[in-house]
Amino acid sequence: MEIYTPGHNYLTDTLIMWGLMSVFRRIKSCDPAEIQIVGRGGRYQIIIKDENCINGFITELNEAIRERVDQSQYQSLVEQNAKKRKFRECLISTSLRDGLDPDTQSGVVLALQFLLEKEFNFNVFSINHIDEQNEGRLGRGETLYLPFSGIYGKYLTREYKYEEKSYRVCPLCIAFSALGFDSAVAIARRRTERIYAVFGFDGSTTLEKINALLDSIWYEDGVNTLNKAFRNNASLTTLAQAFIVFLKMPREIRRTLPQISWYMILYSYDVGRTKRITNFQILDMAPIRNAIQYIEEEYEYLPRLVDLLLDKSSIEKGGDEVLNALSEFAIARRLDGAYRVLRLLKSLIDRLDEKKPPSRRVKNELYGLLTPNIAMGLLKSLG
């Protein structure tokens, strides 16, 4: 059997793909090596070769929904004829509660419950899904919420005028986007902003090879590092944020990811009163992946170096600037970029105050990490 993500945009289709994979991986009799995923320009073809994966899907899908929506509370609100906004109280998932605004939370509950009450059929994810479900700017259905759509705006362009038109999708697109968001998205916090990171890819692989990206272990350390940096008022470029998230993945996971064209969708959303996308970028991860690999072959302390650069005393003296330069070097791979990283690092160490115990500790440890091996690693990554 072959199914397809709808073709809405890079983010929505990637979330739907991960949502589908999160259900398949729950099926004990399903062989993950028999589920092939082919990414092409932000859309995914999914080839299911094991009948057990198909036969067990609905049972595990329904269980996944029940784990996220409190059924007794939902039924109570239905009986009370409650307003839509109240249904967010039924949401159990921590990441959906903390990572989304209240309106999106309520919409997710209703979409998941719709999917639970209407038996799922794989045919809905046909290659012509958008036309068959009458979706899009001129379509009908539910508004595609910003955390699931990214930079998608609300304006429909016609000759000589702009009309406010929401991009509309079927409840299943929202439901599977939510499952993917809950299963595969890293979420960091900066005041009322949420910074999201999720991997997408072009090329062919199997669920068996990307299974690890459905476990929170891949992003936990990266999220903790970003949260600490933001609490310390670090000024990090989007590129530096992506560098941190990838570097902080467990080494065995990032080194065993299949050799396909990975990209990271990294975007920010203000869940406060403004409810707007504040940043959205799709970053090719190959240069960052290769640079980190080459540097670590010569210099094993890179993750610890990043931790020290994001210490509060370091940030006050420009530690975040060093990290921004390092991530820029990973993309550009220029000799002057390597020199700039080393110069900024040495300057930071010199500026740290020895009279203050926290600053002195960081200064001494950074000085100990400033070995010839870091220069060798940077030079090796030049190729």
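What is the residue count in the stretch 319-349 for residues that are among the hydrophobic types (A, V, I, L, M, F, W, C), buried (at least 22 other Cβ atoms within 10 Å of the Cβ) and in contact (Cβ under 8 Å) with a residue 60 or more places away in the chain?
The number of residues fulfilling the criteria is 3.
Can you find a residue in the stretch 272-279 that is assigned to a helix (DSSP H, G or I) and over 22 Å from Leu348 (Cβ atoms)?
no
When residues of the stretch 250-292 are filtered for being polar (S, T, N, Q), more than 19 Å from Asp101 (Cα to Cα) and surrounded by 15 or more Cβ atoms within 10 Å (Cβ to Cβ), how many remain?
Of the residues in the stretch 250-292, 1 are polar (S, T, N, Q), more than 19 Å from Asp101 (Cα to Cα) and surrounded by 15 or more Cβ atoms within 10 Å (Cβ to Cβ).
Between a first residue in the stretch 220-248 that is in contact (Cβ under 8 Å) with a residue 60 or more places away in the chain and a second residue that is assigned to a loop (DSSP other than H, G, I, E, B), which pairs have beta carbons less than 7 Å apart while being 6 or more apart in sequence or on different chains?
Thr225/Lys248; Thr225/Leu310; Lys228/Leu310; Ala229/Leu236; Ala229/Leu310; Asn232/Leu310; Ala234/Leu310
Quick test for you: out of Ile35, Ile58, pick the one residue that is in contact with a helix residue (DSSP H, G or I) (Cβ under 8 Å, 6 or more places away or on another chain) and assigned by TED's automatic domain parsing to the domain that holds Glu119.
Just one listed residue meets the conditions, Ile35.
Conditions: (1) surrounded by fewer than 16 Cβ atoms within 10 Å (Cβ to Cβ); (2) modelled with pLDDT of 95 or more. Ala184 meets all but one. Number of the miss?
(1)
Considering only residues that are within 11 Å of the chain's Cα centre (by Cα) and in a helix (DSSP H, G or I), which ones fall in the stretch 184-213?
Ala184, Leu213
Quick one: count up the residues across the stretch 302-341 that are within 15 Å of Leu247 (Cβ to Cβ) and basic (Lys, Arg).
1
Taking interchain pairs and intrachain pairs at least six residues apart, which have beta carbon atoms under 6 angstrom, with the first residue in the stretch 276-297 and within 10 Å of Ile265 (Cα to Cα) and in the same structural domain as Leu144 (by TED's automatic domain parsing) and the second part of a strand (DSSP E or B) and of a type in the set (Asp, Glu)?
Final answer for the pair search is none.
Every residue in the stretch 366-376 that is part of a helix (DSSP H, G or I) and either among the β-branched types (Val, Ile, Thr) or under 15 Å from Ala325 (Cα atoms) (or both), please.
Ile374, Ala375
Condition check: within 26 Å of Val271 (Cβ to Cβ), surrounded by 13 or more Cβ atoms within 10 Å (Cβ to Cβ) and not hydroxyl-bearing (Ser, Thr, Tyr). Does Cys53 satisfy that? Reasoning before the result, please.
Details: within 26 Å of Val271 (Cβ to Cβ): no; surrounded by 13 or more Cβ atoms within 10 Å (Cβ to Cβ): yes; not hydroxyl-bearing (Ser, Thr, Tyr): yes.
So Cys53 does not fit the description; no.
State yes or no: is Tyr294 under 16 Å from Phe246 (Cβ atoms) and among the hydroxyl-bearing types (Ser, Thr, Tyr)?
It is true that Tyr294 is under 16 Å from Phe246 (Cβ atoms) and among the hydroxyl-bearing types (Ser, Thr, Tyr).
How many of the residues making up the stretch 103-147 are acidic (Asp, Glu) and crowded, with 22+ Cβ neighbours inside 10 Å? Steps first, please.
If we filter the stretch 103-147 for residues that are acidic (Asp, Glu), which is where we start, we get 103, 117, 119, 131-132, 135, 142.
Imposing the further condition that a residue be crowded, with 22+ Cβ neighbours inside 10 Å reduces the set to 135.
Total satisfying the criteria: 1.
Specify which of the listed residues (Leu116, Leu96) is assigned to a helix (DSSP H, G or I), at pLDDT 95 or above and in contact with a strand residue (DSSP E or B) (Cβ under 9 Å, 6 or more places away or on another chain).
After ruling out the rest, the residue left standing is Leu116.
Output the number of the condition that Phe181 fails; it satisfies all remaining conditions of (1) closer than 26 Å to Val322 by Cβ; (2) in a helix (DSSP H, G or I); (3) in contact with a Gly (Cβ under 9 Å, 6 or more places away or on another chain).
For Phe181, the failing item is (1).
What pairs come out if I take residues in the stretch 19-32 that are basic (Lys, Arg) and pair them with residues that are not in a helix (DSSP H, G or I) whose C-beta lies under 8 Å away, six or more apart or interchain?
Close Cβ pairs satisfying both conditions: Lys28/Gly56.
Please list, ordered by first then second residue, the pairs with beta carbon atoms under 9 Å, 6 or more apart or interchain, first in the stretch 101-130 and within 16 Å of Leu20 (Cα to Cα), second part of a loop (DSSP other than H, G, I, E, B) and of a type in the set (Val, Ile, Thr).
Phe125/Thr5; His129/Thr5
Do we have Ser22 as in a helix (DSSP H, G or I), touching a Phe, Trp or Tyr at 6+ places or on another chain (Cβ under 8 Å) and under 27 Å from Val198 (Cα atoms) here?
So Ser22 does not fit the description; no.
Which of the residues that make up the stretch 214-229 are in a helix (DSSP H, G or I) and not charged (D, E, K, R)?
Hits for the stretch 214-229 are Leu214, Ser216, Ile217, Trp218, Gly222, Val223, Asn224, Thr225, Leu226, Asn227, Ala229.
The values are calculated or read from the model by the stated rules, or taken from the named source; none is laboratory data. What you are looking at is a predicted structure, and each value in this text was computed from that prediction instead of being measured. Note: ideal-geometry Cβ built from the backbone for every residue, glycine included; neighbour counts use all protein chains shown.
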